[in-house]
1. What whole-number value in cubic angstrom gives the convex hull volume per residue for the C-alpha atoms of region 77-139?
2. Apply the Karplus curve 6.51 cos²θ - 1.76 cosθ + 1.60, θ = phi - 60°, to the phi angles in region 163-171 and return the couplings in whole Hz, x for Gly and Pro.
3. As a test question: what accessible area, to the nearest 10 Å², does THR174 have when a 1.4 Å probe is rolled over all protein chains in place?
4. Counting only protein heavy atoms, what percent of the accessible surface of region 153-284 is carbon or sulfur at a 1.4 Å probe?
5. Would you mind telling me the share, in percent, of accessible area of region 65-149 contributed by carbon and sulfur at probe 1.4 angstrom?
6. Enter the Cα centre distance for the pair region 191-208 and region 39-108, rounded to the nearest angstrom.
7. Suppose we keep just the alpha-carbon trace of region 23-177; what are its Rg and Dmax in angstrom?
8. Leaving ligands and nucleic acids out of the surface, order GLU209, GLU38, GLU125 by accessible area at 1.4 Å, largest first.
Amino acid sequence: MIRTPSPQTFPPRLIGLLATLTLAWGSNWPVMKIVLSEMPPMHFRTLCLLFGGIGLFVIARLSGGPLRVPKGQWLRLIALALANMTGWNFFVVHALRLMGSGRAAILGFTMPVWSVPLSAWLLGEPITARRALGIGLGLGGMLLLLGSEIQVVGRSPLGAMLMMGAAVSWALGTVMMKRWPVQLPTSAFTAWQMLIGLLPILAIALTVEQGTFNPFALSPGPMLGVFYNILVAFIFCYWAWMKIALVAPVGVSSLAVMMVPVIGVFSSMLVLGETPNWQDFAALILVVGALSTVLLPPRKTIASAV
């Protein structure tokens, strides 16, 4: 007996890409925390978006695919860039200055929970009982994290709120890619988003922050972290995520982030010495349960194998 092939299952040919993306993105959370100890957040993200976009344009050029944005698709590309690049990066780097990177990773990668109501709104996908359960579990996990942020750290919940804003922005951008696609190869599509999304962040960096764009002025750890972000987190990981999100359905593509917060929590323990408490583990269980209800395909009719 075999399962009938379903468009709601993850494409087998992308499993290796998914595994690499999960490890690389999850490991980046403590790396970002290290960079932000010496570099202003908008300066940091300006460097990442600028050189990440340039690197992807070089790859797109070498691959021989088209670079020009098709006529009539500029507005949707700008909207996607603001959600996927500007919104996500603005919220994340400011949140990381206020809270532990492991907890921030858990909150940020609840994106699939938010994508369910957004996909119902923009794509007409139904909110089933299974998906409603996922939303409830996810919100329960976020409330636990929010409570522990107040009780354990003793500061305002601003960091947690910023990370939830990042998750919503990313979810909106993911659903919008399905609703209003841009006809470009993945590398050029991602590069354009980075350079467009860079502009508001650059404006904030130049007018509000004080600091330097020069990574060579940093100490060795943060400097290496900047290069890791440009080469791995932006050029590779963003390309890999866009590839997966454009090929698979919204709920299925979110599988790419299911294990990232787990990697983020435990890599933070190893690199930064952060010690999760029971609320973190309980919230992590709830979040993984929420993502499971959204990502795991429902039981299908079993077809006979002859």
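The values are calculated or read from the model by the stated rules, or taken from the named source; none is laboratory data. Bear in mind the structure is a predicted one, so any value in this text is a computation, not a measurement. In this analysis, Cβ positions are derived from the backbone assuming ideal geometry, glycine residues included, and neighbour counts consider all displayed protein chains. Side chains included, ligands, DNA and RNA excluded: accessible areas come from the protein's heavy atoms. Shrake-Rupley method; radii C 1.70, N 1.55, O 1.52, S 1.80 Å.
1. Expressed per residue, the convex hull around the Cα atoms of region 77-139 is 81 Å³.
2. My calculation for region 163-171 gives 5, 5, x, 4, 4, 5, 4, 5, 4 Hz in order.
3. We get 0 Å² for THR174.
4. On the way: 3860 of 5300 Å².
Here carbon and sulfur together make up 73 percent of the probe-accessible area.
5. Numbers: 2400 of 3370 Å².
Looking at region 65-149 in its full context, I get 71 percent from C and S.
6. Value for the Cα centre distance between the two parts: 9 Å.
7. So, for region 23-177, Rg and Dmax equal 17.5, 54 Å respectively.
8. Result, largest first: GLU38, GLU125, GLU209.
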